[in-house]
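Everything on this sheet refers to the single structure shown next.
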Amino acid sequence: MSSWDTDIIKAFENLGGSASYDALYAEIEQIRTGLPSTWKSVVRRRIQDLSSDSAGFKGGRDLFFSVEGLGAGVWGLRSHLQETPKASDLPEGVEEPSRAYSLTYRVLRDTVLARKIKVLHQDRCQICGMAVSLSDGKTYSEAHHIIPLGAPHNGSDVPGNVIVLCPNHHVLCDYGAIELTLSDLRTTEGHEISEHSISYHNDVIFGRKL
């Protein structure tokens with residue numbers, strides 16, 4: 001029989017890279033037989049022992065992540081936390097173009113927290129539901145801080161201030177070209193969007209003159 005760690009990883013993979021404990025339990029029941037009466041406790045302990053986000057981390061392999069501030073019991077595979085791919089129009093070996101403002105603005109948003117939330121949403125835009133497919137078979141999305149980071153807005157890098165968007169809707173939000181309605185945004189278990197951030201976007205960002 002395969003190890004608990006192997007089956008937990010497989011269950012997460014089957015669920016798109018992240019899941020609540022309840023969803024994970026249901027998936028493990030499909031792939032592992034002969035479960036003992038305490039098996040759910042075993043799963044929780046293995047995840048916490050192998051996550052640097054947990055107080056129970058034992059060191060060594062750091063396989064799982066938890067999004068601090070999101071609903072309790074939502075975890076994911078750290079191997080899914082990939083940096084946003086760099087654009088193909090940059091010269092080889094160049095991390096940023098000479099006119100760096102636009103790229104830097106994007107990179108600032110590609111925080112570890114943003115990557116975790118993108119995994120939770122499986123790269124699907126919270127406005128239109130689109131996940132951009134890349135040539136290597138991976139999917140792509142962008143994390144948008146509803147109240148922008150840095151001056152003059154000084155938004156926070158917290159889960160409630162982040163939404164996952166396709167590039168088109170990201171640009172529209174950046175330039176205040178669309179209004180946001182909280183009830184219209186796609187949701188996933190464990191990610192709650194701040195009403196304050198939505199109100200700030202609509203009152204301050206939406207409709208601004210460039």
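The values are calculated or read from the model by the stated rules, or taken from the named source; none is laboratory data. Small disclaimer: the values here were computed from a predicted structure and weren't measured. Every residue, glycine as well, gets a Cβ built from its backbone with ideal geometry; the counts of neighbours run over all protein chains shown.
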- Query: For segment 52-96, what are the residues that are among the polar types (S, T, N, Q) and at pLDDT below 85?
  - Reply: Q82, T84, S88
- What do you reckon, is L180 over 19 Å from H80 (Cβ atoms) and modelled with pLDDT of 95 or more? yes
- Message: Condition first: in a loop (DSSP other than H, G, I, E, B) and crowded, with 17+ Cβ neighbours inside 10 Å. Now tell me which residues in segment 179-204 satisfy that.
- Response: L180, G190, I193, S194
- Only residues that are assigned to a strand (DSSP E or B), among the aliphatic types (A, V, I, L, M) and more than 17 Å from C128 (Cα to Cα): list them for segment 148-178, please. L149
- Message: Can you say whether R99 is part of a loop (DSSP other than H, G, I, E, B), at pLDDT 95 or above and either surrounded by 13 or more Cβ atoms within 10 Å (Cβ to Cβ) or out of contact with any Pro (no Cβ under 7 Å at 6 or more places or on another chain) (or both), as far as the supplied structure shows?
- Response: no
